[in-house]
Amino acid sequence: MIDTALEVAREAGDLLLERFGRLTGAEIARKGPRDLVTAADRDAEALIARRLREAFPDHGLLAEEGAGADHGDGPVWVVDPLDGTTNFVHGIPAFCVSLALVEGGRPVLGVVHAPALRQTFWGAPGQGAYEGDRPISVSVTPMLSEALVATGFAYDIDRLADDNLDNLAHLARRTRGVRRIGSAALDLAYVASGRFDAYWELYLHPWDVAGGAAIVLAAGGRITDFRGGDDWLFGKHLIASNGMLHDEVRRNLQPLKNL
Ligand code: IPD
Ligand code: CA
Ligand code: CA
């Protein structure tokens, strides 16, 4: 299954690379004031859905642009065909394809493929995590003051009580730095590979996190929701870390107001 997932992610990545920097205005639409969707998102998703349905006719599909909407208990492929759409539209190469197989509410394998960065991450909890063919693991940074951490912001930030801006200010003063790359899946892959020591975000969707989360867990990291529980795949908020820093990061984040 991992081989097929890697093959499908690479095919979708090639499609994205062909369109990168070449989109016309007519190929870019808005889902909200800041939330863009392009012909590349839709075409990559159609390709992925077709390939996964051919290869795994009994599996479900939950994909961002609506190619599938399964939430069942059987195996479900959770797909973000283009994570980092705003970067993609602005010519910034931090975008990727994210695929995960979810069973019993948990991702059991994940692939995050960033074609313009030539970086491919994959892993299965209990069976190891890789970047290309190299094994990866989370960092061993024990202190928040030496940690490089990442976060992101929801598209409707101006309408949210939990807008994450207090957290940004607070962690910026207590860490080595905070990054906002613009792709949740890459943020997670960078925790898995030890580049980032931790990552948190609110108002996420399962397709943003499923692939990268599988790889973080496979690489020895820890993931919880903001309350310290396990409801992070469908629960919209998540903290991922190297494990050692997890509780300290969580203590430094504001308790949720409305989420
Ligand atoms: C977005 C990216 C971004 C995160 C947003 C996501 P999209 O996904 O992952 O980093 O901050 O919350 O919605 O729209 O580019 O697939
Ligand atoms: Ca996404
Ligand atoms: Ca997307």
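The values are calculated or read from the model by the stated rules, or taken from the named source; none is laboratory data. Since the structure is predicted, the reported quantities are computational estimates derived from the model, not experimental observations. As a convention, Cβ positions derive from the backbone with ideal geometry for all residues, glycine included, and neighbour counts pool all protein chains shown. Surface accessibility is based on the protein's heavy atoms, side chains included, excluding ligands, DNA and RNA. Shrake-Rupley method; radii C 1.70, N 1.55, O 1.52, S 1.80 Å.
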Surface per residue (accessible, 1.4 Å probe) for the range 53-127, Å²: 39 Å²
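Taking the Cβ of PRO142 as the center, what net charge do the other residues with Cβ under 11 Å away carry, scoring Lys and Arg +1 and Asp and Glu -1?
Once all neighbours under 11 Å are counted, the net charge is -3.
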³J(HN,Hα), Karplus 6.51/-1.76/1.60, whole Hz, each residue of the range 54-70, x for Gly, Pro: 5, 6, 10, x, 8, 8, x, 9, 10, 10, 4, 8, x, 4, x, 9, 7
ALA150 long-range amide H proximity, modeled H, under 5 Å: ARG179, ALA198, TYR199, TRP200
Mean residue ellipticity (222 nm) of the chain, computed from DSSP H runs ≥ 4 via -39,500 (n - 2.57), nearest 500: -9000 deg cm²/dmol
Prolate/oblate/rounded call for the range 169-259, Cα gyration tensor, a/c under 1.5 rounded: rounded
Largest-first ordering by accessible area, 1.4 Å probe, given options TYR190, TYR199: TYR190, TYR199
Rounded accessible area of THR24 (nearest 10 Å², 1.4 Å probe): 70 Å²
Cα long-axis angle, helix 2-19 against the chain (0 to 90 degrees, to the nearest 10): 80 degrees
Sulfur and carbon atoms: percent of accessible area, the chain [1.4 Å]: 47 percent
Backbone HN-Hα couplings from phi across the range 142-155 [Karplus 6.51/-1.76/1.60, Hz, Gly and Pro as x]: x, 10, 4, 5, 9, 8, 9, 10, 9, 8, x, 9, 5, 5
For ALA129, residues with placed amide H under 5 Å, excluding near neighbours: ILE136
Nonlocal amide H pairs with LEU62, under 5 Å, H built at 1.01 Å: ASP70, TRP77, VAL78, VAL79
